[in-house]
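Colleague: Starting off with a structure, shown below.
Please treat every number below as a calculation from the coordinates, not as lab data. Quick caveat, the model's predicted, so the values are computed rather than measured. For neighbour counting, all protein chains shown are included, and Cβ atoms are generated from backbone atoms with ideal geometry for every residue, glycine included.
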Amino acid sequence: MESINPLLSELKRVKQKLASYKIELHQARGYLQCILQNSEDMIFATEVSGMLISFSKSGEKVLGYSWEEVIGSQVKDLAKDPAAFEQFLNTSRQDGSSVQLDLAFQHKDGNTAYCNVSLINLTNREGLRIGTVGVCRDITLWKKIQDDLVRIDRLAEMGRIAAGVAHEINNPLAIINEASGWAATVVSDAKGIGSEDRQELEKATKEISAQTKRCRTITHQLLGFVRDSELSKTEFDVHELLNETISFLKPELKHSPIEINTRFMPGPLNMNSDPKLLEQVCVNLITNAIHAVREKHGDKGRIEIRTLKTDSEVEIHFEDNGIGIPQENRQNIFELFYTTKPPGKGTGLGLPICQNIARKVGGKITCQSNVGVGTTFTVHIPT
Ligand SMILES: Nc1ncnc2c1ncn2[C@@H]1O[C@H](COP(=O)(O)OP(=O)(O)O)[C@@H](O)[C@H]1O
Ligand SMILES: [Mg+2]
């Protein structure tokens, strides 16, 4: 009986130790569960073969798959390029330490999700590898911003080159214009030319002059876009400016069944801004509206210009019943050189220039459109 006592107390001690281990284990499991449930990063664990045995809740946010959908499948199949992921997994297995890489994953909705992936080897007490843990940080948005920056940079570079070209072309254009004027005089004074030949030559010199003017307009618009011209602010009446712009564009409408109506708020609409720049915006938007209604044959073209003043801004609406802009084109229309018009007709400069001007005065231009029904562009200018 005496000899059994030490054994009993030893047993009690072991039991106590076991209980405390149990508590520790429970706490560790809770801690791990808490990380898996609440981490913003997608965390997974695989066994040696690469089969998924754990997948955190955030994985659902990052890739769209729930735990039940992926457990038991191969982790490499989540990647867009499974072979590349497999190779990456092998590197981590060989290196033993943690490795990092940016990888593209296939989201359940078909999109691509980009993650920065860290892989860590899981080992047992004997140091044997029993699997891999991966922590994946969603960098999709970050990557998009980076790509946008590269694109914007390229556009800016293109803009600078275009401005250089425009500048270089201006001098030869002036010479061509002068020479065509001189040629026109020579033709009209020349004796001994048949009337048919004279007509042909006159037509040719007129065409040279018209096309040179068109080139000059394009180069000036381009230079105006790239050069950061200073704002010259004065007080002016928006209604007066709009009426002047419309009468300036009237010759464009001769021989077309297009009417331009105005619905202005009562009285003058005074504003302190740059009238020349605002006029440029109005000319561009009305010209686009004219093109859009002309392209929709059949209906009588109608363009309506409305003004509105709220507490914080002045709004000018340019509404047309033209062809409208398809949804998929709407995100491109403010891009430099984007045009749907045939070569020689569109330059793709109008809207980006308008947006640039609106931003310069702290405002913006928005667009609403229905294909086949019409389009409304709204210029918002803060007061
Ligand atoms: N009022 C409008 N109705 C329909 N489409 C329009 C309208 N305004 C602009 N667009 C579309 O936006 C494109 C870009 O316009 P813009 O920058 O002025 O260049 P451009 O007029 O030289 O084509 C046009 O080619 C056209 O497809
Ligand atoms: Mg235009």
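Colleague: What whole-number distance in Å separates the alpha-carbon centres of region 26-44 and region 167-181?
Modeller: 73
Colleague: I've got another one for you. What is the Cα centroid distance between region 92-129 and region 186-211, reported in whole angstrom?
Modeller: Region 92-129 and region 186-211 have Cα centres separated by 77 Å.
Colleague: If you don't mind, there's one more thing I want to ask. Okay, helix-only estimate at 222 nm for the chain: each DSSP H run of n ≥ 4 adds -39500 (n - 2.57), divide by all residues, round to 500 deg cm²/dmol; what do you get?
Modeller: When only DSSP H runs of four or more count, the value is -17500 deg cm²/dmol.
Colleague: For the chain, take the longest principal axis of its alpha carbons; what is the angle in degrees between that and the long axis of helix 238-253, to the nearest 10 within 0 to 90?
Modeller: Around 70 degrees separate the two axes.
Colleague: Now a separate question. Beta carbons within 10 angstrom, averaged per residue: use that to sort the peptides 315-321, 206-212, highest first.
Modeller: 315-321, 206-212
Colleague: For helix 275-295, report the angle its Cα long axis makes with the longest principal axis of the Cα atoms of the chain; keep it between 0 and 90° and round to the nearest 10°.
Modeller: In the chain, helix 275-295 runs at an angle near 90 degrees to the longest axis.
Colleague: What are the semi-axes of the equivalent ellipsoid of region 93-133, taken as the square roots of 5 times the eigenvalues of the Cα gyration tensor, listed largest first and rounded to whole Å?
Modeller: 28, 11, 6
Colleague: Please express the Cα-Cα pair-distance distribution P(r) of region 143-273 as a list of whole percents, one per 10 Å bin, running from 0 to the bin with the greatest distance.
Modeller: Percent of pairs per bin, in order: 10, 19, 23, 27, 15, 5, 1, 0.
Colleague: Sort 3-12, 269-278 by packing, meaning the average of other beta carbons within 10 Å per residue, with the highest value first.
Modeller: Going by the mean number of other Cβ atoms within 10 Å, highest first, we get 269-278, 3-12.
Colleague: Just to confirm my understanding: which cysteines in the chain have no other cysteine beta carbon less than 4.7 Å from their beta carbon?
Modeller: CYS34, CYS215, CYS282, CYS354, CYS367
Colleague: While we're on this one: For the chain, how big is Rg over Rh, using alpha carbon atoms and the Kirkwood form of Rh?
Modeller: Across the chain, the Cα-based Rg/Rh ratio is 1.27.
Colleague: Right, something else. Just to compare against my own numbers: the Cα pair-distance distribution for region 234-382, 10 Å bins, whole % per bin, please.
Modeller: Answer for region 234-382: a P(r) of 11, 43, 36, 10, 0 percent.
Colleague: Pairs LYS276/LYS341; LYS250/LYS364; LYS233/LYS341; LYS213/LYS300: which are spaced more than 32 Å apart, C-alpha to C-alpha?
Modeller: LYS233/LYS341
Colleague: How do the peptides 16-25, 363-372 rank, highest first, by the average count of neighbouring beta carbon atoms within 10 Å per residue?
Modeller: Result, highest mean Cβ count within 10 Å first: 363-372, 16-25.
Colleague: Based on Cα coordinates alone, diagonalise the gyration tensor for region 59-135, multiply each eigenvalue by 5, take square roots, and list the semi-axes in whole Å, largest first.
Modeller: So the three semi-axes of region 59-135 are 23, 14, 10 Å.
Colleague: Taking the Cα atoms of region 210-316, what is the range of coordinates along each of the three principal axes, in descending order and whole Å?
Modeller: So the three principal-axis extents are 40, 35, 19 Å.
Colleague: Hey, another quick one. Using only the Cα atoms of region 317-369, build the gyration tensor, take square roots of its eigenvalues as a ≥ b ≥ c, and label the shape rounded, prolate or oblate: rounded if a/c is under 1.5, else prolate if a/b is larger than b/c, else oblate.
Modeller: Verdict is oblate for region 317-369.
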